[in-house]
Amino acid sequence: MLVMNAVEVRYLDVILVLRGVSLEVPEGKIVALLGGNGAGKSTVLKAISGLLETEEGKITDGSIYFNGTRIDRMSPEDIVRLGIVQVIEGRRVMEHLTTEQNLRGGAYLRHGDVKRELDMVYSYFPRLKELRHATAGYLSGGEQQMLVMGRAMMAHPKLMLLDEPSMGLAPLLTKEIFNMIQRFNSEEKTAMLIVEQNARAALSVAEHGYVIENGRVVLDAPAAKLANNPDVKEFYLGLSTVGEKRSYREVKHYRRRKRWLA
Amino acid sequence: MFLQFLVSGIMIGGIYGLVALGLVLVYKSSRVLNLAHGSFLMILAWLCWSFAEQLGLPIWLSILLVLAISVLAGLGVERFMLRPLIGQPILAVIIATLALGYLLEGVAIMAWGADTKGLPEFIPREPIWLGPVSIAQHYLWAFGIAILLFVLLLLFFRYTKMGLGMQIVSEDQQVARSLGIRVKNILAQSWAFALVIAAISGILFASLNSVNNGNALIGLTKALPVMLLGGLESLYGALVGGIIVGIFEIVVGGYIDPWVGGGFSNVAPLFLMLVILLVRPYGIFGWQRIERI
């Protein structure tokens, strides 16, 4: 459904952030995008949604196709109209509007009554229904995360781009959010591309995963396989090789080199 | 005496509130303080005078024409001034509005000279007596029209999609674009709204007093204090602030003027503005940035 071919992105015409990223999101599937800080994960999402334009970024090479339509030169407003909605990092709610006004904003492009959509979101997040007249700026972090996800759901997107849905949330809440992601995906058949630091959570719901470092895709495998990859385990899941005797040699070089950077 | 001052203050305050409403609309959507607002108000009133007196059109037609022109002017400002300045610091845009204001004042002097003219009377003027207090009828009408506009705008923001779009743009333009809202269109619409309000308030103000170039000043000397008092982003604030400033100007001015030989009422709103800035810079209903701890 979404195909990214060797996309190169520069900010301010000089800072090369993506050096030829290729990836694919199949219809109705969840794909995880992992990587360290500054690897270029969020930039991938903004390249797809077109929001690069708002941050002085530009796609300088490669192409992006969505259901056969070339979208890498389209404006973010037109890309949304094709059914791609990005949930921007950092829980960007409209602080001074109410919860319900925020949600209605998500359905801005839908014509007529949005009651059905509101009920759908409230069925996923009953908490939001209780808070529907509350000022969004005063919601807790978890509630705001539910709100921005609910806002994206309002548009019935074909592809949802989630940027760090677990950022700064307690483990239980993270679990709840990812349960919702899985449920929404299986019930509404919305494809998702999830950028996460919490690799374990992301790989638990994804079909497929990509690891990106320094603006390049360095690993690409089905999620289950990726979760068992020794490098991923070490660098992103925080596990050391199990069953091996620890030696001083290892302690000294307690961090394996990232082989792909060699 | 006090009651008389109070009632006059409320009446004139409604108009000030309406003028400030135009400033608030533009600030809310684009974060730009429109320093040309007063000049637009003045020149639109002049246009109305020209249509009615020089071309001899009926007053209602003149007003409709001016409203149409104000819509076009609003769209034009976005297209030829705001859009080229996208990505520039907000101060650049504010200074551009200052330049535009002076330009309009220059045009007004070229076209109409420095005269003072009167609009044809289209609102009855006989005062109405409420016990000991008299209300000039044209002030009452102007006040009523101002209130009506406020109510319409509040309904517009609460119940229409365009209104919701404007509120979202005023909060976060990047999020607005991520939801598919065309920010440029929304900005053009809010400028068009603001200039329609400038036209209405300009014509009302001119019908209370007269048409002259000095009318441009109420943009800064009256509406700015109102906007700061009410809160930069608040529509209710513009109305409440307008009435407070109106009362303050007439009551305080009324009592102090005889002592200082007149003129204090003109600076009273500015005096109030200074106090607001020191005590409560975000105004009565303005946005205090929500900080959760």
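Starting from the exponent 0.38 and prefactor 2.2 Å, build the expected Rg for segment A:148-229 from its residue count and divide its actual Cα Rg by it.
Numbers: Rg = 12.9 Å, N = 82, 2.2 N^0.38 = 11.7 Å.
The reported ratio for this selection is 1.10.
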Excluding residues fewer than 8 positions from residue A:225 in its own chain, the aspartates and glutamates with Cα under 20 Å of it are A:24, A:196, A:207, A:213, A:234
Along segment A:97-114, Karplus-curve 3J(HN,Hα) (6.51, -1.76, 1.60; θ = phi - 60°) to the nearest Hz, with x for Gly and Pro, reads 9, 7, 3, 5, 4, 4, 5, 4, x, x, 9, 4, 8, 7, 8, x, 6, 10
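Which whole-number percent gives the relative contact order of segment B:2-279, counting Cα pairs below 8 Å spaced six or more residues apart? Provide the component values of the computation, followed by the final result.
Working: 442 pairs, mean separation 110.7, N = 278.
Relative contact order comes out at 40 percent.
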A convex hull over the alpha carbons of chain A yields, per residue, a volume in Å³ of 138
Applied in sequence order to segment A:184-192, the curve 6.51 cos²θ - 1.76 cosθ + 1.60 (Karplus, θ = phi - 60°) yields integer Hz couplings, x standing for Gly and Pro, of 4, 4, 6, 7, 9, 6, 7, 6, 9
Ordered by number, the trypsin sites (Lys or Arg not before Pro) in segment B:219-293 that occupy a DSSP loop and have at most 13 other Cβ atoms within 10 Å are B:289, B:292
Among segment A:199-225, those whose backbone N falls under 13 Å of a label point 7 Å along Cα→Cβ from residue A:22 are A:217-218, A:220
Of the residues A:222, B:270, A:128, the Cα lying farthest along the dipole of the protein assembly as shown towards its positive end, which is defined by charges on the beta carbon of Lys, Arg, Asp and Glu, belongs to A:222
Given backbone amide H placed at 1.01 Å from N, residues whose amide H is under 5 Å from that of residue A:17, ignoring those fewer than 5 places away on the same chain, are A:9, A:10, A:11
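How high is the relative contact order of chain A, in percent, with contacts defined as C-alpha pairs under 8 Å that are six or more residues apart? Display every interim value, and only then the final one.
Working: 468 pairs, mean separation 63.9, N = 262.
Relative contact order comes out at 24 percent.
Per residue of chain B, what 222 nm ellipticity follows from adding -39500 (n - 2.57) for every DSSP H run with n ≥ 4, rounded to the nearest 500? Can you show the working numbers first?
Numbers: 12 runs with 194 residues, N = 293.
When only DSSP H runs of four or more count, the value is -22000 deg cm²/dmol.
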With the charge dipole of the protein assembly as shown built from beta-carbon charges (+1 for Lys and Arg, -1 for Asp and Glu) about the Cα centre, the Cα from B:236, B:77, A:52 projecting farthest to the positive end belongs to A:52
Residues whose modelled amide H sits under 5 Å from the amide H of residue B:211, counting only those 5 or more places away in sequence or on another chain, are B:117, B:118, B:119
Going fewest to most other Cβ atoms within 10 Å around each Cβ, A:41, A:189, A:29 line up as A:189, A:29, A:41
Quick numbers on the protein assembly as shown, Rg and Dmax over C-alpha atoms in Å, give 29.2, 101
When B:243, B:109, B:10 are arranged by how many other beta-carbons sit within 10 Å of their Cβ, fewest first, they go B:109, B:10, B:243
Using the Kirkwood formula on alpha carbons, the hydrodynamic radius of segment B:36-143 in angstrom works out to 16.4
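With +1 on the Cβ of every Lys and Arg and -1 on the Cβ of every Asp and Glu, and nothing else charged, how large is the dipole of chain B about its Cα centre, in debye rounded to the nearest 20?
It comes to approximately 940 debye.
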With +1 at each Lys and Arg Cβ and -1 at each Asp and Glu Cβ, the charge dipole magnitude of the protein assembly as shown around its Cα centre, to the nearest 20 debye, comes out at 1820
In the structure shown, of A:129/A:158; A:115/A:175; A:58/A:189; A:115/B:161; A:129/B:28, the pairs separated by more than 19 angstrom at the C-alpha atoms are A:129/A:158; A:115/A:175; A:58/A:189; A:129/B:28
Given unit charges at Cβ for Lys, Arg (+) and Asp, Glu (-), the dipole magnitude of segment A:2-261 about its Cα centre in debye, nearest 20, is 860
If unit charges are put on Cβ atoms (+1 for Lys and Arg, -1 for Asp and Glu) and the dipole of segment B:2-279 is taken about its Cα centre, the option from B:27, B:149, B:169 lying farthest towards the positive end turns out to be B:169
Phi angles of segment B:234-239, converted by Karplus (6.51 cos²θ - 1.76 cosθ + 1.60, θ = phi - 60°) into ³J(HN,Hα) in whole Hz with x for Gly and Pro, give 9, 6, 4, x, 4, 5
note: chain B, Cα-Cα separations exceeding 24 Å make up a percent value of 51
Long-range amide H partners of residue A:220, meaning residues 5 or more apart or on another chain whose placed amide H is closer than 5 Å, are A:211
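Taking the beta-carbon count within 10 Å as an exposure proxy, list A:16, B:152 from fewest neighbours to most. Intermediate values should be presented prior to the final figure.
Values: A:16 14, B:152 10.
Exposure proxy ranking, most exposed first: B:152, A:16.
Bear in mind these aren't lab numbers, they're just calculated from the coordinates by the rules spelled out. On a predicted model such as this, the values are computed, not experimentally measured, just so you know. Glycine gets a Cβ as well: all are built from the backbone with ideal geometry, and neighbour counts include every protein chain shown.
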